[in-house]
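Novice: Dropping a structure here in structure tokens format, bear with me for questions.
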């Protein structure tokens, strides 16, 4: 009855508000960022930054790259040679695992936090 009185668009707004107040689905952002530190071979470690619910966690990926070849926009190594192509594949593997974890949590309607994402990723 209330839906008929408020109209179609109001009902959609009410539904959106109900979903938003439950905070079941939290947007989780991930990004690969090289550190400014360089080792003796002039390579920097790549860290995975996971942001969600107002907190940020970092995970070391065990990938070391030359920062001059790093593409910040695409988060990969530009013009890779054979070894660097493998490093790009490792980063792609991380992306794939993150997508799978997000999908499982979303479909099972479980709350995903940065800590849970990292725990699932590492195990």
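Novice: Of the residues 63, 59, 26, which single one is under 30 Å from residue 111 (Cβ atoms) and at pLDDT below 85?
Specialist: When all the criteria are applied, what remains is 26.
Novice: OK, next. Select from segment 74-102 the residues that are more than 20 Å from residue 28 (Cβ to Cβ) and outside any helix (DSSP H, G or I) and list them in ascending order.
Specialist: Passing the criteria: 76, 77, 78, 79, 80, 81.
Novice: Within segment 40-57, track down each residue that is touching a strand residue (DSSP E or B) at 6+ places or on another chain (Cβ under 7 Å), more than 15 Å from residue 113 (Cβ to Cβ) and surrounded by fewer than 15 Cβ atoms within 10 Å (Cβ to Cβ).
Specialist: None; the set is empty.
Novice: Hey, among the residues in segment 68-80 that are surrounded by fewer than 10 Cβ atoms within 10 Å (Cβ to Cβ) and more than 22 Å from the chain's Cα centre (by Cα), which one's modelled with the lowest pLDDT?
Specialist: Filtering first and then ranking leaves 79.
Novice: Take the residues of segment 103-123 that are part of a loop (DSSP other than H, G, I, E, B) and out of contact with any helix residue (DSSP H, G or I) (no Cβ under 7 Å at 6 or more places or on another chain): which is surrounded by the most Cβ atoms within 10 Å (Cβ to Cβ)?
Specialist: Taking the candidates together, the pick is 113.
Novice: Which count do you get for residues in segment 66-94 that are closer than 25 Å to residue 120 by Cα and in contact with a strand residue (DSSP E or B) (Cβ under 9 Å, 6 or more places away or on another chain)?
Specialist: Qualifying residue count for the region: 8.
Novice: What number goes with the only condition from (1) under 30 Å from residue 106 (Cα atoms); (2) free of Cβ contacts under 8 Å to residues at least 60 places away in the same chain; (3) over 12 Å from the mean Cα position of the chain (by Cα) that residue 53 does not pass?
Specialist: Condition not satisfied by residue 53: (2).
The values are calculated or read from the model by the stated rules, or taken from the named source; none is laboratory data. On a predicted model such as this, the values are computed, not experimentally measured, just so you know. Neighbour counts are summed over all protein chains in view; Cβ atoms, including those assigned to glycine, are modelled from backbone coordinates with ideal geometry.
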